[in-house]
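The values are calculated or read from the model by the stated rules, or taken from the named source; none is laboratory data. As the structure is a prediction and not an experimental result, all values here were calculated from the model. Note that we place each Cβ from the backbone using ideal geometry, even for glycine, and neighbour counts take in every protein chain shown.
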Amino acid sequence: MKYTFEITICGCATNCGHCYVDGGPGPIMPYEDYALCLNRLVPALKRLDGNIAFNLGNETFCHPRVVDLFRLTDRVCPQYFDRRNEDFPTTGVALLRHRDRENILRELERKGIWELFFAVHGGQEAHDRMVSRPGRFTQLFETADFLVSRGFHVRFSLMLSRVFAEGLDEIMERISRYPGAKIDPIIPLYAPTPRLRTYQQYRLESQELLALCDRLDSWQVDTAKVRKLCANCSEQVVWAAHKNFAAERSSAPNWAFFHVTHDLKLYYGNAGMHTRLLGDLRTMTAQQVYEAIAPLGPNYDFDAFYPMEAFEQLHAMPRPTTDRVYPSHPDCYYAWLDELGVHNLLIK
């Protein structure tokens, strides 16, 4: 099984409307607490049979001692933080302003991280509105320019929404200044959280999204995956499709998510989407950590959010009046169950 541990070492420089981990400005995990976290986790994880990885968030570069955290992780458990040949997310704010940015760049180089990616929500007004921070659009591209000047590659994730469509030409003109940069059009996921409920007002319906794809094509953006989602994951298509929830659940990725908060609480579930508190790493032994984690199965989809029996209610659901597009069938199911007021499994 695959295991991912999100360790919240700090907050985020933005507060994006689509953020499924409920990221935003937040407290810093002290270096000593991070060392304690590894001291409790690593002996337990070495006993698990699976592919294990750490993510340091919300936004890694917001931590004042991020270089020290990288080096400590590489001393204690480099196998869990091997990011060679992978891209790395940034909002384009914390890295440029970081007092230790030169050492950060050297650490990224040492780890083989040469590509950093930015989530873009539209033109200047649209982007700043969706991240709830003025000036972030300008700062994003200042960071991109800086990285390119230092030999790094940049990548752009286009967060497709009604707001994005408003500023399409402005943002694509700006991105076109980075020849060869990879561009990924993204349809944000859905989970039954307050932030993503609010974001629903910006979610595009199928015809809106296809019209946006036509405009993106004129900028030589590959929209094939988005068009496929319009054909397979719009509400009207999903509603009419045969539904075998047990079969879909069995084919979900064999992947378990865990979260360590800044105060060393260990949860089952991804950041912002917990279903169980497993304990406090300050007081747990490595043996207790192992005993808490080992029996737990994958929580990638379905019963990571709702009891499996809840999905049967969707067989009787009337045809929706909207045709919003989601990145998968389960995301659409969660949105419907949420609208129906079905109790979910998430805890604070």
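Observations on the model:
- Of note, L38 satisfies the criterion of being crowded, with 19+ Cβ neighbours inside 10 Å and either in contact (Cβ under 8 Å) with a residue 12 or more places away in the chain or part of a helix (DSSP H, G or I) (or both).
- The lone criterion from (1) closer than 22 Å to I187 by Cα; (2) not hydrophobic (A, V, I, L, M, F, W, C); (3) not in a loop (DSSP other than H, G, I, E, B) left unmet by G122 is number (3).
- Failed condition for F117, given (1) touching a Pro at 6+ places or on another chain (Cβ under 6 Å); (2) not in a strand (DSSP E or B): (2)
- For P64, the conditions (1) modelled with pLDDT of 95 or more; (2) surrounded by 18 or more Cβ atoms within 10 Å (Cβ to Cβ) are fulfilled apart from (2).
- Failed criterion for Y268 (all others in (1) under 19 Å from I347 (Cα atoms); (2) more than 22 Å from the chain's Cα centre (by Cα) hold): (2)
- When G92 is tested against (1) crowded, with 19+ Cβ neighbours inside 10 Å; (2) outside any loop (DSSP other than H, G, I, E, B), exactly one condition is not met: (2).
- Here V76 meets each of (1) surrounded by fewer than 18 Cβ atoms within 10 Å (Cβ to Cβ); (2) in contact with a Phe, Trp or Tyr (Cβ under 6 Å, 6 or more places away or on another chain); (3) of a type in the set (V, I, T) with one exception, condition (2).
- Residue count, region 278-289 (criterion: touching a residue at least 24 places away in the same chain (Cβ under 8 Å) and either buried (at least 19 other Cβ atoms within 10 Å of the Cβ) or touching a Phe, Trp or Tyr at 6+ places or on another chain (Cβ under 6 Å) (or both)): 3
- Residues located in region 41-61, provided they are crowded, with 19+ Cβ neighbours inside 10 Å and either in a loop (DSSP other than H, G, I, E, B) or not assigned by TED's automatic domain parsing to the domain that holds R282 (or both): N58, E59
- Among the residues making up region 294-303, a single one is buried (at least 21 other Cβ atoms within 10 Å of the Cβ) and either among the acidic types (D, E) or in contact with a strand residue (DSSP E or B) (Cβ under 9 Å, 6 or more places away or on another chain) (or both): N299.
- Any hit, region 212-226, residues being over 28 Å from P179 (Cα atoms) and surrounded by fewer than 14 Cβ atoms within 10 Å (Cβ to Cβ): no
- Out of E142, E173, E107, one residue alone is within 22 Å of A224 (Cα to Cα), assigned to a helix (DSSP H, G or I) and more than 21 Å from the chain's Cα centre (by Cα). It is E173.
- Counting the residues of region 228-253 that are among the acidic types (D, E) and either touching a His at 6+ places or on another chain (Cβ under 8 Å) or part of a loop (DSSP other than H, G, I, E, B) (or both) gives 1.
- Residue match in region 26-34 (condition: assigned to a loop (DSSP other than H, G, I, E, B) and among the hydroxyl-bearing types (S, T, Y)): no
- If the condition is being part of a helix (DSSP H, G or I) and surrounded by 17 or more Cβ atoms within 10 Å (Cβ to Cβ), then region 177-211 contributes R195, L196, Y199, Y202, S206, E208, L209, L210.
- Those residues of region 18-35 which are in contact with a helix residue (DSSP H, G or I) (Cβ under 8 Å, 6 or more places away or on another chain), crowded, with 18+ Cβ neighbours inside 10 Å and not hydroxyl-bearing (S, T, Y), in sequence order: H18, C19, D22, M29
- Residues in region 304-335 that are in a helix (DSSP H, G or I) and either buried (at least 18 other Cβ atoms within 10 Å of the Cβ) or without any contact (Cβ under 8 Å) to a residue 24 or more places away in the chain (or both): A304, E309, A310, F311, A316, P330, D331, C332, Y333, Y334, A335.
- Candidates F156, F164: the one that is assigned to a strand (DSSP E or B) and crowded, with 19+ Cβ neighbours inside 10 Å is F156.
- Verdict on R83 being without any contact (Cβ under 8 Å) to a residue 40 or more places away in the chain and part of a loop (DSSP other than H, G, I, E, B): yes
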